[in-house]
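What follows is a short report on a single structure.
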Amino acid sequence: MALDELYLPPEEIQAATCEVCPAQLLRFGAFDVTGRPSAENRYDPARGWRVNVASGAPTCVHPYRVGLPPALYATDGVALPPAEVPTPVPDARDLVLPDDPTLLEAWLVAVLRCSSPQRMASALTQAEATASERFASRDVVAAMRRVMSHELAGR
């Protein structure tokens, strides 16, 4: 069995992660995971994902989406944690609306994961209104459709 199959099947990884996440195409361990986007892990349009600027390794910036704790798996060869390690959870910084539209999905996931099932409808309504103040409606709707199809199915 492949290491990444210990965590999620490939189709679930693709549904759970951002469209620009290296987990969409690479096996777990072949990319780094950091706690958040920063200047040290810039998006590289030529490669289609963020990279660790020091090592050039592909980098995921949403540990709560990929299900791995932050570590330099590709850069330093850090071993993958056992599958029983709990998935990281979003923190308060993940609940701040991003400026970058490629981060909108991750923000929506964080909002939903921090909402109780009883508040889900109101959280979605508020998230849509908030995101629509900054992003084009088509971007908000596309992100909400993608996120809701995965996040609500898991609740």
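Some observations on this one:
- Residue in region 23-33 that is under 16 Å from residue 104 (Cα atoms), in contact with a Phe, Trp or Tyr (Cβ under 8 Å, 6 or more places away or on another chain) and buried (at least 20 other Cβ atoms within 10 Å of the Cβ) present: no
- Condition check for residue 86: at pLDDT below 90 and closer than 18 Å to residue 151 by Cβ: yes
- Single condition residue 41 does not satisfy, out of (1) surrounded by 11 or more Cβ atoms within 10 Å (Cβ to Cβ); (2) without any contact (Cβ under 8 Å) to a residue 40 or more places away in the chain; (3) not assigned by TED's automatic domain parsing to the domain that holds residue 17: (3)
- Only one entry in 141, 85 is surrounded by fewer than 20 Cβ atoms within 10 Å (Cβ to Cβ), under 18 Å from residue 19 (Cα atoms) and outside the structural domain of residue 34 (by TED's automatic domain parsing), namely 141.
- Candidates 92, 110, 131 - the one that is surrounded by fewer than 17 Cβ atoms within 10 Å (Cβ to Cβ), more than 23 Å from residue 44 (Cα to Cα) and modelled with pLDDT of 90 or more: 92
- Test: residue in region 90-108 that is without any contact (Cβ under 8 Å) to a residue 40 or more places away in the chain, within 23 Å of residue 49 (Cβ to Cβ) and touching a Cys at 6+ places or on another chain (Cβ under 8 Å): yes
- Single unsatisfied condition, residue 20 versus (1) aliphatic (A, V, I, L, M); (2) under 15 Å from the mean Cα position of the chain (by Cα); (3) crowded, with 19+ Cβ neighbours inside 10 Å; (4) not assigned by TED's automatic domain parsing to the domain that holds residue 146: (3)
- Filtered residues of region 1-17 (kept if surrounded by fewer than 17 Cβ atoms within 10 Å (Cβ to Cβ) and either at pLDDT below 70 or not in a helix (DSSP H, G or I) (or both)): 1, 2, 3, 5, 6, 9
The values are calculated or read from the model by the stated rules, or taken from the named source; none is laboratory data. Predicted model only: the values in this text are computed from it and were never measured. Reconstructed Cβ throughout: ideal geometry from the backbone, glycine too, with neighbour counts over all protein chains shown.
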